[in-house]
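Engineer: Below is a structure I'd like to ask you about.
The values are calculated or read from the model by the stated rules, or taken from the named source; none is laboratory data. Just so it is clear, the structure is predicted and the values come from calculations on it, not from any experiment. Using ideal geometry, Cβ is built from the backbone for each residue, glycine included, and neighbour counts are taken over all protein chains shown. When the accessible area is computed, the model is the full protein with side chains, heavy atoms only, and any ligands, DNA or RNA have been set aside. Shrake-Rupley method; radii C 1.70, N 1.55, O 1.52, S 1.80 Å.
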Amino acid sequence: MSPKTDSVTIDDIRRAASVIAGHVVRTPAIRAPRLAEATGAKEVVLKLENLQYTGSFKDRGAYNKLASLDAKAKAAGVIAMSAGNHAQGVAYHAQRLGIPSTIVMPEGTPFTKVERTAGFGARVLIHGESIDTAAVYARDVATREGLTFVHPYDDPLIVAGQGTIGLELLADFPELETIVVPIGGGGVMSGVATAAKTLNPRIEMIGVEAALYPSMHNAVRKLAPNNGGQTIAEGIAVKSPGRLTQAIITELVSDLLLVSEDALERAVQMMSERQKIVAEGAGAAGLAALIAHGAKFKAKRVGLVVCGGNIDSRMLAQILMRGLVREGRVVTLRIEISDSPGVLGKLALLVGHSGGNIIEIHHQRMFDDLSVKRATVDAVIETRNPEHYREIAASLEKEGFPTRLLSNLSSGERQ
């Protein structure tokens, strides 16, 4: 069934496509057979919005909105509130169009995002403990200074700009049966769903939110708000969904799925390791839905919108290392040894001969309930897989070194 809502139409989205052409990247959509194999889908297609100049889909709606302003509004300037991607999209395109921009960011916004936004020529104001508080302040400043407020999602021009993703995705892969889109405020899902359901009324639209921030899920189901906590998908950690976007999503979206932090971590890792693509937590949320709700997508042709790639390098490194631990490719073995010269060297040789690589080693004499002539060693070892670390442990035991697995994120396994 094609959409009934008249708030944003396919014609609005097609006009937006003409407006942004040549100013915003027409991102590639690529097949990802390794991800299909890993999740049980018949086909997985990735729409790579992480390749936009500012690293997210926000470029589309921002340019469409800013280009619509008349000369007076452009001269006065614009203001937006954001802790990341929307800020950069507005600041970058305002700079390109010669429009003064002000961005209100909440306290605690990472320095890198503040600096990157300021680097696009924006006046950055730090105010409030949350994005909701920043939004109230931004509207106050807009009223006092006569600025145009650019909402991150609850604006028909923003939604139409984001909807161009749907036009492009179905132009490249018209055979898709399902499209999975991350939802924060709902702008990108509203636009993509409007385009996709008009072009193919049979296509299934699935939204995905971080379980800690189920704002749209709860609003559509008329459940009480229940948002909060630390999530790696901060790009979709929105407490208040839009009124416009909620109406569109209620009509056009088949299901709203929630994914855990563990699923989001796994998805970021899988994107990087198997597909060689850097996705932020929100950008990997679609894949997290396939990981956590695999039966729903089994044997289907699925399109995933990789909405952004702005992830902190340290966070990405942590996620990848935790993934190695989870999969048993990095383990910590606690090994009991005699406190004698040469014993530690013998232990290292045994690990090496078994094919393991010692990353870190900690020698403990003082705080274990052992004989004064005994000690423990905690060895962080890189292995091929869980079976390999068991082989290493067995070889150590055989040579008289009592050994047990100290930690494994995957199952809490202990030996």
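Engineer: Would you point out the residue of the stretch 275-285, among those that are open to solvent by less than 60 Å² (accessible area, probe 1.4 Å) and of a type in the set (A, V, I, L, M), that is nearest to P33 (Cα to Cα)? It would help to see each step written out before you state the result.
Structural biologist: Start the filter on the stretch 275-285 by keeping residues that are open to solvent by less than 60 Å² (accessible area, probe 1.4 Å), which leaves 275, 277, 279-285.
Restricting the remaining residues to those that are of a type in the set (A, V, I, L, M) gives 277, 279, 282, 284-285.
On the way: I277: 14, A279: 17, A282: 21, A284: 16, A285: 18 Å.
Taking the candidates together, the pick is I277.
Engineer: Determine whether the stretch 94-114 contains at least one residue that is within 27 Å of R26 (Cα to Cα), at pLDDT below 95 and not basic (K, R).
Structural biologist: Yes, that holds for at least one residue.
Engineer: Scan the stretch 89-147 for residues that are among the aromatic types (F, W, Y), over 26 Å from G228 (Cα atoms) and either assigned to a helix (DSSP H, G or I) or in contact with a Leu (Cβ under 7 Å, 6 or more places away or on another chain) (or both) and jot them down.
Structural biologist: So in the stretch 89-147, the residues among the aromatic types (F, W, Y) come out as 92, 111, 120, 137.
The next check asks that each one be over 26 Å from G228 (Cα atoms); those that pass are 92, 120.
Once the filter is applied, which keeps residues that are among the aromatic types (F, W, Y), over 26 Å from G228 (Cα atoms) and either assigned to a helix (DSSP H, G or I) or in contact with a Leu (Cβ under 7 Å, 6 or more places away or on another chain) (or both), the stretch 89-147 yields only Y92.
Per-residue answers, yes or no, for (1) buried (at least 17 other Cβ atoms within 10 Å of the Cβ); (2) closer than 30 Å to G108 by Cα; (3) modelled with pLDDT of 95 or more; (4) hydroxyl-bearing (S, T, Y):
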position: I203; (1), (2), (3), (4): yes, no, yes, no
position: E209; (1), (2), (3), (4): yes, yes, yes, no
position: A224; (1), (2), (3), (4): no, yes, no, no
position: L252; (1), (2), (3), (4): yes, no, yes, no
position: S260; (1), (2), (3), (4): no, yes, yes, yes
position: M271; (1), (2), (3), (4): yes, yes, yes, no
position: L287; (1), (2), (3), (4): yes, yes, yes, no
position: V302; (1), (2), (3), (4): yes, no, yes, no
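Engineer: A follow-up question, please. Please state which one of R26, R14 is part of a loop (DSSP other than H, G, I, E, B) and under 27 Å from R301 (Cα atoms). Explain how you work it out, then say what you get.
Structural biologist: Details: R14 fails: part of a loop (DSSP other than H, G, I, E, B).
Matching residue, one of R26, R14: R26.
Engineer: If I filter the stretch 226-250 down to residues being part of a loop (DSSP other than H, G, I, E, B) and over 30 Å from L320 (Cα atoms), which single residue comes out as modelled with the lowest pLDDT?
Structural biologist: At the first step, the residues of the stretch 226-250 found to be part of a loop (DSSP other than H, G, I, E, B) are 226-233, 237-242.
Narrowing further to those that are over 30 Å from L320 (Cα atoms): 240-242.
On the way: S240: 86, P241: 89, G242: 91.
Step by step, filter the stretch 226-250, then rank; the result is S240.
Engineer: Would you say K296 is touching a strand residue (DSSP E or B) at 6+ places or on another chain (Cβ under 9 Å), basic (K, R) and open to solvent by 60 Å² or more (accessible area, probe 1.4 Å)?
Structural biologist: Values: touching a strand residue (DSSP E or B) at 6+ places or on another chain (Cβ under 9 Å): yes; basic (K, R): yes; open to solvent by 60 Å² or more (accessible area, probe 1.4 Å): yes.
So K296 fits the description; yes.
Engineer: Do we find a residue being in contact with a strand residue (DSSP E or B) (Cβ under 6 Å, 6 or more places away or on another chain), open to solvent by less than 20 Å² (accessible area, probe 1.4 Å) and touching a residue at least 60 places away in the same chain (Cβ under 8 Å) anywhere in the stretch 112-125?
Structural biologist: No: the stretch 112-125 contains no residue that is in contact with a strand residue (DSSP E or B) (Cβ under 6 Å, 6 or more places away or on another chain), open to solvent by less than 20 Å² (accessible area, probe 1.4 Å) and touching a residue at least 60 places away in the same chain (Cβ under 8 Å).
Engineer: Right, something else. In the stretch 354-376, is there at least one residue being of a type in the set (S, T, N, Q) and closer than 30 Å to K197 by Cβ? Before you say what the answer is, go through the steps one by one.
Structural biologist: Of the residues in the stretch 354-376, the ones of a type in the set (S, T, N, Q) are 354, 357, 364, 371, 376.
Remaining after also requiring closer than 30 Å to K197 by Cβ: none.
Looking through the stretch 354-376, none of the residues is of a type in the set (S, T, N, Q) and closer than 30 Å to K197 by Cβ.
Engineer: Kindly evaluate T9 against the criterion of being β-branched (V, I, T), closer than 24 Å to Q246 by Cβ and open to solvent by 30 Å² or more (accessible area, probe 1.4 Å). Walk me through how you get there before you give the answer.
Structural biologist: Details: β-branched (V, I, T): yes; closer than 24 Å to Q246 by Cβ: yes; open to solvent by 30 Å² or more (accessible area, probe 1.4 Å): yes.
Criteria met by T9.
Engineer: Working carefully through the options E175, E168, find the one that is outside any loop (DSSP other than H, G, I, E, B), among the acidic types (D, E) and in contact (Cβ under 8 Å) with a residue 60 or more places away in the chain.
Structural biologist: Values: E175 fails: outside any loop (DSSP other than H, G, I, E, B).
Testing whether each residue is outside any loop (DSSP other than H, G, I, E, B), among the acidic types (D, E) and in contact (Cβ under 8 Å) with a residue 60 or more places away in the chain leaves just E168.
Engineer: Still on this structure, please answer the following. So M1 ticks every box in (1) under 21 Å from G242 (Cβ atoms); (2) modelled with pLDDT under 95 but one. Which box is left unticked?
Structural biologist: In the conditions (1) under 21 Å from G242 (Cβ atoms); (2) modelled with pLDDT under 95, M1 misses (1) alone.
Engineer: Ok, one more. Say whether the condition of being within 20 Å of A171 (Cα to Cα) and in contact with a Cys (Cβ under 9 Å, 6 or more places away or on another chain) is met by at least one residue in the stretch 70-90. Write out each step before concluding.
Structural biologist: Going through the stretch 70-90, the residues within 20 Å of A171 (Cα to Cα) turn out to be none.
Scanning the stretch 70-90 turns up no residue that is within 20 Å of A171 (Cα to Cα) and in contact with a Cys (Cβ under 9 Å, 6 or more places away or on another chain).
For every residue, the table says whether it meets (1) at pLDDT 95 or above; (2) assigned to a helix (DSSP H, G or I); (3) surrounded by 17 or more Cβ atoms within 10 Å (Cβ to Cβ).
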{"position": "P341", "(1), (2), (3)": "no, no, no"}
{"position": "K346", "(1), (2), (3)": "no, yes, no"}
{"position": "I359", "(1), (2), (3)": "no, no, no"}
{"position": "M366", "(1), (2), (3)": "no, no, no"}
{"position": "S371", "(1), (2), (3)": "no, no, no"}
{"position": "A375", "(1), (2), (3)": "no, no, yes"}
{"position": "R384", "(1), (2), (3)": "no, no, no"}
{"position": "G400", "(1), (2), (3)": "no, no, no"}
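Engineer: Examine the stretch 59-69 for a residue that is closer than 21 Å to A288 by Cβ and not hydroxyl-bearing (S, T, Y), and state whether such a residue exists. Explain how you work it out, then say what you get.
Structural biologist: Filtering the stretch 59-69 for residues closer than 21 Å to A288 by Cβ gives none.
Within the stretch 59-69, none of the residues are closer than 21 Å to A288 by Cβ and not hydroxyl-bearing (S, T, Y).
Engineer: Somewhere in the stretch 44-60, is a residue open to solvent by less than 40 Å² (accessible area, probe 1.4 Å), assigned to a helix (DSSP H, G or I), among the aromatic types (F, W, Y) and at pLDDT 95 or above?
Structural biologist: Going residue by residue through the stretch 44-60, those that are open to solvent by less than 40 Å² (accessible area, probe 1.4 Å) are 44-50, 52, 54-60.
Now narrow it down to the ones that are assigned to a helix (DSSP H, G or I): 49-50, 58-60.
Add one more test, that the residue is among the aromatic types (F, W, Y), and what stays is none.
There is no residue in the stretch 44-60 that is open to solvent by less than 40 Å² (accessible area, probe 1.4 Å), assigned to a helix (DSSP H, G or I), among the aromatic types (F, W, Y) and at pLDDT 95 or above.
Engineer: Kindly indicate the residue of the stretch 82-93 that is of a type in the set (A, V, I, L, M, F, W, C) and at pLDDT below 95 and also farthest from F57 (Cα to Cα) among those meeting that condition. Write out each step before concluding.
Structural biologist: Pass one, the stretch 82-93, residues of a type in the set (A, V, I, L, M, F, W, C): 83, 87, 90-91.
Restricting the remaining residues to those that are at pLDDT below 95 gives 83, 87.
Numbers: A83: 15, A87: 12 Å.
Restricting to residues being of a type in the set (A, V, I, L, M, F, W, C) and at pLDDT below 95, the top hit is A83.
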